[in-house]
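Each reported figure results from applying straightforward, stated rules to the coordinates on display, with no laboratory input. Because the structure is a prediction, the values reported are computed rather than measured. Neighbour counts are summed over all protein chains in view; Cβ atoms, including those assigned to glycine, are modelled from backbone coordinates with ideal geometry.
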Amino acid sequence: MLEARKITVSYDHRVAVAAVSVTLKNGEATAIIGPNGAGKSTLLRALNGQIRPSSGTIVLDGEPLERLNRRSISRRIAVVAQEAELRFPVTVLEFILGGRFAWATNAGWGWETDRDLQVAHAVLKETELTELSGRLMNELSGGERQRALMARALATEAPILLLDEPTANLDLSHQATLLSLVRNRCDQQRASALVITHDINLAAQFADNILLMQHGKTIHSGTPAEVLKPHILQEVFDVRVLVDAHPVTGGPRVTPVHETHRQEKGIL
Amino acid sequence: MISTASNVVVVSANRVTLRKTLVSCAVLAVVLLFAIVVMSLIGSERLPARASLCAIASLGTSACGLSRDQFDILFQIRLPRILLAAAVGGSLATAGAGYQALLRNPLAEPYLLGISNGAAVGTMIALIFFGANEWMRPLVAFSGALIATLAVYRLARGRAGATPERLILAGVIVTTFLSSVIVFVTTLMDATRIRSFTFWLLGDLSGTSRALLPVAITVAVAGALVLTLHARSLNLLMLGERDAFDLGVEVGRVRVVVFLVASLLVGSSVAASGSVGYVGLVVPHLARLSLGSDNRISIPAAALGGALFVIVADTIARTIIAPRELPVGAITALIGAPLFIYLLKRA
């Protein structure tokens, strides 16, 4: 379990995250939504120990994060960030085996064990990348690379997954596959996930809790039904929205209503 | 279970393993030894092969029929020079591989980034202030290289690592700044030393120093070992500092290790032989091309390959217009510059 208690993060005297609390419980998926610049990615970086909060504490399985060493954190928290540029030719398999680094007994000059390879093979299959395992990362499409990033995070076998817009480059079918992978980890292996997304409907369908952020602060947090209310969203995103029930899941469904639509169709 | 096992074999087929690393390095080591022996026979004074081999095999305890002069040429001139060439080549190639991982850019090279110039300024300062004390040269050169490395790192680093344009620009700035420092210091020297000094700046192994040879060899071996022992961290660092951090690399510590080791390697080789260019670019590139990007194999292979490359280049430099000599840096640049242009066009 990962818990942030009233953490504040500032860069050069500018407050990026202000007194935000969030708890990632085992078996639950949480989505963070909010406009650009709301402090979502900064919060994620702080939860992983990359940025130290100026006040507040982050607790991982009952221990303050700053007291844990890097490798023991990486065995428990995996991050899927937006992709970095690759200038060296690395195969998909080599890339994914990078996720096993924190488990190596000899971190500097260790070699992958059979277990490492088994794990890599399993996640290649889960992310439908088995056939691409020998290809070079920079020959892949954006969507394939995004899946490789996901596969590497899964290869860490960390029970806590932090994902920063993991579906940005994916087509509809792979979006669904990826989110069901995350959901399965939560449901079957009692993992917890935190997903930053701009897709509110995706968040509504997939997350147990939603954290709505703006200007570094928590505006609302709770179940999708509690957070996704028209007046709340209108205030934060500055756009009129229509919220109705999703025909299949019954959960909230959010549709932005643009000015042009209103004028053309004469509605609202 | 059987299907899992066979799948694992398929998955591991295109991957670097300990076995592949050991075999590749053993082959390179044998070729290197062979080159050391053969190149010691070649030169303006041709040495009889059989007698020389016999003398080398006895490690200099028996002359094996070589004349006094031939024996001295072999053991006092050629072998020390070849061993220094090996140490310098191994150092520069290892340092290049280290800088490339650190700056996340295959174009990083100590000479092109101005780091060799930093070490050269350091060597000159040691020459002026501690003249006779040869030991001070690699030490002050190391400090010079370290300062230049930090400057390049600060100038070149962007959010997404060092882009090629930014990196080269940073290198040009540091190189030109330090070149003018070198010019300034050179004018303070007396005229007789300037010519030998210009030669040294281009990378010259003819002034092999007895005192610095063991230093250069020790630093080369130790540096290659330390970086190889961090190879798995460097593999992840190559993909980005953030990713490496997320996956469990103590980025800050590894970065300091690479800074120190690479600067030490450049410092000791420049103090011994001046700025031999492009070795750190050509050799790691060839290592990656033939063996893959995994630093666990490419760093030790680059170290051995760098030694081989500079031994061959120096043999060409001292024989091609014999009895006169070229600085070895002229030969390595002749090979390296076209490759650099090719890599730049691809980047």
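What the table shows:
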{"read-out": "Listed residues A:Ser54, B:Ala29, B:Ala302: farthest to the positive end of the dipole of the protein assembly as shown (Cβ charges)", "value": "B:Ala29"}
{"read-out": "Residue among B:Tyr153, B:Phe129, B:Gly90 farthest towards the positive dipole end of the stretch B:1-158, charges placed on Cβ", "value": "B:Tyr153"}
{"read-out": "Rounded to 5, the percent of DSSP beta bridges in chain A classed as antiparallel", "value": "60"}
{"read-out": "The protein assembly as shown: C-alpha gyration tensor shape, a/c 1.5 cut-off, then a/b vs b/c", "value": "prolate"}
{"read-out": "Mean residue ellipticity (222 nm) of chain B, computed from DSSP H runs ≥ 4 via -39,500 (n - 2.57), nearest 500", "value": "-24500 deg cm²/dmol"}
{"read-out": "Ranked packing of A:169-175, B:100-106, A:8-14, most packed first, by mean Cβ within 10 Å", "value": "B:100-106, A:169-175, A:8-14"}
{"read-out": "Radius of gyration and maximum dimension Dmax of the stretch B:150-273, Cα, Å", "value": "18.0, 57"}
{"read-out": "Cα-projected label distance for B:Ser44 with B:Gln76, points at 7 Å along beta-carbon direction, nm", "value": "1.6"}
{"read-out": "Crossing angle, helix A:142-155 versus chain A [Cα axis fit, 0-90 degrees, rounded to tens]", "value": "60"}
{"read-out": "Fraction of antiparallel bridges per DSSP, the protein assembly as shown only, in percent to nearest 5", "value": "60"}
{"read-out": "Residues in the stretch B:325-342 that a label on B:Val172 would reach, taking backbone N under 15 Å of a point 7 Å out along Cα→Cβ", "value": "B:341"}
{"read-out": "Cα principal axis extents for the stretch B:221-297, largest first, Å", "value": "41, 28, 19"}
{"read-out": "In the protein assembly as shown, lysine pairs with alpha-carbon atoms under 28 angstrom apart (chain gap of 8 or more, or interchain)", "value": "13"}
{"read-out": "Computed FRET value (nearest 0.05) for A:Thr223 with B:Ile320, which takes r as the C-beta separation and R₀ as 45 Å", "value": "0.05"}
{"read-out": "Net charge, B:Ile73 excluded, C-beta distance under 15 Å - Lys, Arg +1, Asp, Glu -1", "value": "+1"}
{"read-out": "Simple Cβ-charge dipole of the stretch A:125-268, Lys/Arg +1 and Asp/Glu -1, about Cα centre, in debye nearest 20", "value": "160"}
{"read-out": "Average beta-carbon neighbours from other chains, 10 Å sphere, peptide B:285-296", "value": "2"}
{"read-out": "Shape category assigned to chain B from the gyration tensor of Cα positions, a/c cut at 1.5", "value": "oblate"}
{"read-out": "Cα-based shape type of the stretch B:95-151, given that a ≥ b ≥ c are square roots of the gyration tensor eigenvalues and the cut on a/c is 1.5", "value": "prolate"}
{"read-out": "Computed magnitude of the charge dipole of the stretch A:187-242 (debye, nearest 20; Cβ of K, R +1, Cβ of D, E -1)", "value": "80"}
{"read-out": "Orientation-averaged projected area, Cα convex hull of the stretch A:2-228 (nm²)", "value": "12.6"}
{"read-out": "Value at 222 nm in deg cm²/dmol, rounded to 500, when DSSP H runs of n ≥ 4 in chain A each add -39,500 (n - 2.57)", "value": "-9500 deg cm²/dmol"}
{"read-out": "Residue mean of other protein chain beta carbons inside 10 Å, B:229-238", "value": "4"}
{"read-out": "For A:90-97, mean number of other protein chain Cβ atoms within 10 Å", "value": "5"}
{"read-out": "Dipole magnitude of the protein assembly as shown, debye to nearest 20 (Cβ charges: Lys/Arg +1, Asp/Glu -1, about Cα centre)", "value": "900"}
{"read-out": "Unpaired by the 4.7 Å Cβ criterion, cysteines found in chain B", "value": "B:Cys25"}
{"read-out": "Computed FRET value (nearest 0.05) for A:Thr8 with A:Arg190, which takes r as the C-beta separation and R₀ as 25 Å", "value": "0.25"}
{"read-out": "Calculated on alpha-carbon atoms, Rg and Dmax of the stretch B:63-191 in Å", "value": "18.5, 65"}
{"read-out": "4 °C / 1.567 mPa s Stokes-Einstein diffusion coefficient of the stretch B:8-138, Kirkwood radius on C-alpha pairs, µm²/s", "value": "70"}
{"read-out": "Candidates B:Val221, B:Val27, B:Val270, ranked by Gaussian network fluctuation over chain B, Cα under 10 Å, top entry", "value": "B:Val27"}
